[in-house]
Every structure is written in C-alpha cells, then in structure tokens.
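The values are calculated or read from the model by the stated rules, or taken from the named source; none is laboratory data. Since we're looking at a predicted model, the values are computed, not measured. Don't worry about glycine lacking a Cβ; one is built from the backbone with ideal geometry, like all the others, and counts go over all protein chains shown. Side chains included, ligands, DNA and RNA excluded: accessible areas come from the protein's heavy atoms. Shrake-Rupley method; radii C 1.70, N 1.55, O 1.52, S 1.80 Å.
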Amino acid sequence: MANVLLGWELGMGLWHARLLRAVGRRLQSEGHEVTYAVANPVETWSILKNEGARLVQAPVATPLNRSTGNEFQAQSFADILHEAGFYAPETLSGLVGAWDGLIDAIRPDLVVCDHAPGLLVASHQRLPVVQLGLGFSQPPSDLSPWPAFVPGEVGSRFESDVLTTVNEILEARDLNPLDTLGGLYATHASHVTTFAEFDPYSAHRRGPFVGPLDDLPSPLNPPAHDSYFAYLSADVPESIRLLKTLASLPYAGQVFLRGAHPNLINELRALGLNLLDEPADMVSVLRRHRLLIHHGGVGTSEQAAAAGRTHLVLPWHLEQA
C-alpha cells in the first residue's frame, strides 16, 4: 500500500477538486492511502468531505498588490509562475518550505500534482511525481522558451527571472540547477486530462491525451424555449455587471454565482434574477437551457461542448481566454 499526496495549488473552480477526487477514489479502491492538499478546502469541502481521506490546506503565496493601478495581463505560463510567488527567492523559499512541512508530516510515497508548481519544486529530485490536469499547467518539459498566448507577443520577460529564482532555491537544497524552466516539469509522467483542442501546447505535445475523466453528455436536443444558465464567479467584477444587464433583458434564466455573499445574492434576486443556492447538475442545466454563460473553465467547457450548447464566455484568466 502506498501513501499518496494529491496537491492542487493554483487555479479556481471546482473542477480541480473533482479531478483529484476521481484519481483519489481509484487509488483508494486499490488500497492506497490518500491525502488531498487543495488550494481552497472550504469551497471544495462539499466535494471532498465524504472521501474518507485527509483534507488539508495547500500552501499558496499571497499575490503582491500592484500600486500603479495598471491591470497585469499574463502572456505566458512564466507570467503565471511569477505572479504565484516565483518572483523572489524569499517568497518561493517560504512556499516550498510550507510544502516541505506537509511532505514531512504526510510522508508520501508518490506526489500527484494538479497545477501545483510550488509542490513541484519541493518534490524535485526528492519524490516521484505525476502531473495531471490542464495542458496549460503542464508545459512540455522540452519546450523553451515558453510561448506567449497573447496575439502579437513573443514570450515572457519574466521567464529568466523565474528560472533564476527556482535555481537559487534548488541550489540551497543541494540540488543541481535547471537549464530551462521546462526541467521543473520533467516529472515521471504527465497526463493532460482534457481535450487536445483545449491544450495550448498541443502542437508541441508528444505524449497521448488522457481526455476528460468525468462522463460527458451526448449531444442534446435544443430546449423548447430560449433561456440561459450563468455559472460565474463573484470575484470577477464583470460578472456583476453582466448579471445586472441580464436582469434588464426579457429572457428567463438561472444563475449560480460562486463565492457570492448572501447580501449580494439578495441584491441580485431583488432585480428579478433566479439565483441558485448551490451548484446545479450541469447535464440537467444543459438540457433545460439553450445558452451557457461562464468564464471558460475547462470542466464547464467540456460538458457544454459535448452537449452541443452555445457558450457565451467571459474569460478572466489566461488559460480561459
């Protein structure tokens, strides 16, 4: 029997928790012990609470506040790492040290990472690591420099800085430095658990695509009436503006606003919007509504695409765009 640490550090939404749960359940069915270290254990409690496994908070570096007022737009995965704490040795050292504490307490035989770069550093040359999740968060290890995903841009000005920071931490741990950032992602295995069409590195990917682990719906017939379902995050300012606009239009619909305070929910209900108290089953939602409005999260996109529904996408993060 093996002791397995499943870690998720970056990214929002419930898809990450469902993905780790699918893998954790299979591991448990084969007699292995599982610990979930997740970015948001409170929000994902409803998904993981009954799994018979230890659930702990994953270390996450608090983003620095940008005082200029200019909104930062990530262009490549190196920018994501930079914003996630890889901008300074002392910050990354604290993040990796926190992961070290969890590893020492859990003593795993295997680490499974879903968008957990700090855990990759902490596990580097110490433990066997398997990656899974979005292609976006698993850059091919032999790709350097990492490409920009913003039209007209050539790459990240932070990539060399991030590599320098990672190498400073590795050298402090008496480990060999990396030649490229891709070396951090040269793990024992890497599994892209979504469609190849959703992988921005698909042209560079050599290994096979696992594809979605969740069961996906078959193509659905269009519903009898025009209506929408909006699955949005209250953290995104555009969500509130969009919902207020929807309230002024002559279309029926339902809304789940993740992370909304009860006061905000009541305010939006007073405008005539039908807000749900908890997430809805996506297949039943897609069967009832003609239009799906969401941020472009991979799980929601997979299900809507499989069902043949129209999307209105309000991306907030680079991988969603």
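Assorted remarks:
- Within segment 204-233, residues that are closer than 24 Å to Arg25 by Cβ sit with their Cβ atoms under 6 Å from residues that are surrounded by 11 or more Cβ atoms within 10 Å (Cβ to Cβ) and among the small types (Gly, Ala, Ser), at 6+ positions apart or across chains, in these pairs: Phe209/Ala196; Leu213/Ala22; Leu216/Ala306; Pro217/Ala306; Pro217/Ala307.
- If you go through segment 82-93 and pick out every residue that is among the aliphatic types (A, V, I, L, M) and modelled with pLDDT of 95 or more, you end up with 1.
- Among the residues here, Leu27 does not qualify as aliphatic (A, V, I, L, M) and in contact with a helix residue (DSSP H, G or I) (Cβ under 9 Å, 6 or more places away or on another chain).
- Test for Arg54: is it open to solvent by 20 Å² or more (accessible area, probe 1.4 Å), in contact with a helix residue (DSSP H, G or I) (Cβ under 9 Å, 6 or more places away or on another chain), over 28 Å from Asp179 (Cα atoms) and of a type outside the set (A, V, I, L, M, F, W, C): yes
- Of the residues contained in segment 116-133, one or more are found to be more than 19 Å from Asp199 (Cβ to Cβ), open to solvent by less than 20 Å² (accessible area, probe 1.4 Å) and in a strand (DSSP E or B).
- Yes/no for Val112 being open to solvent by 10 Å² or more (accessible area, probe 1.4 Å), over 20 Å from Asn167 (Cβ atoms) and outside any helix (DSSP H, G or I): no
- Failed condition for Glu238, given (1) open to solvent by 40 Å² or more (accessible area, probe 1.4 Å); (2) within 24 Å of Pro212 (Cα to Cα); (3) in contact (Cβ under 8 Å) with a residue 60 or more places away in the chain; (4) acidic (Asp, Glu): (2)
- Ser160 open to solvent by less than 10 Å² (accessible area, probe 1.4 Å) and of a type in the set (Ser, Thr, Tyr): no
- Answer residue from segment 163-174, given it is under 13 Å from Ala78 (Cβ atoms) and in contact (Cβ under 8 Å) with a residue 12 or more places away in the chain and is most open to solvent (accessible area, probe 1.4 Å) among those: Leu163
- Any hit, segment 79-89, residues being crowded, with 21+ Cβ neighbours inside 10 Å and of a type in the set (Ser, Thr, Tyr): no
- Flag for Pro177 being modelled with pLDDT of 95 or more, crowded, with 20+ Cβ neighbours inside 10 Å and in a loop (DSSP other than H, G, I, E, B): no
- Criterion applied to His311, His317 was being under 30 Å from Gln131 (Cα atoms) and free of Cβ contacts under 8 Å to residues at least 60 places away in the same chain, and the one residue passing it is His311.
- Looking only at residues in segment 5-24 that are of a type in the set (D, E, K, R) and under 22 Å from Glu278 (Cβ atoms), the one that is least open to solvent (accessible area, probe 1.4 Å) is Arg21.
- Taken over segment 134-156, the criterion of being of a type in the set (Phe, Trp, Tyr) and either touching a Ser or Thr at 6+ places or on another chain (Cβ under 8 Å) or open to solvent by 60 Å² or more (accessible area, probe 1.4 Å) (or both) is satisfied by Trp146, Phe149.
- Whichever residue in segment 188-213 is part of a loop (DSSP other than H, G, I, E, B) and in contact with a helix residue (DSSP H, G or I) (Cβ under 7 Å, 6 or more places away or on another chain) and, among such residues, is surrounded by the fewest Cβ atoms within 10 Å (Cβ to Cβ): Ser202
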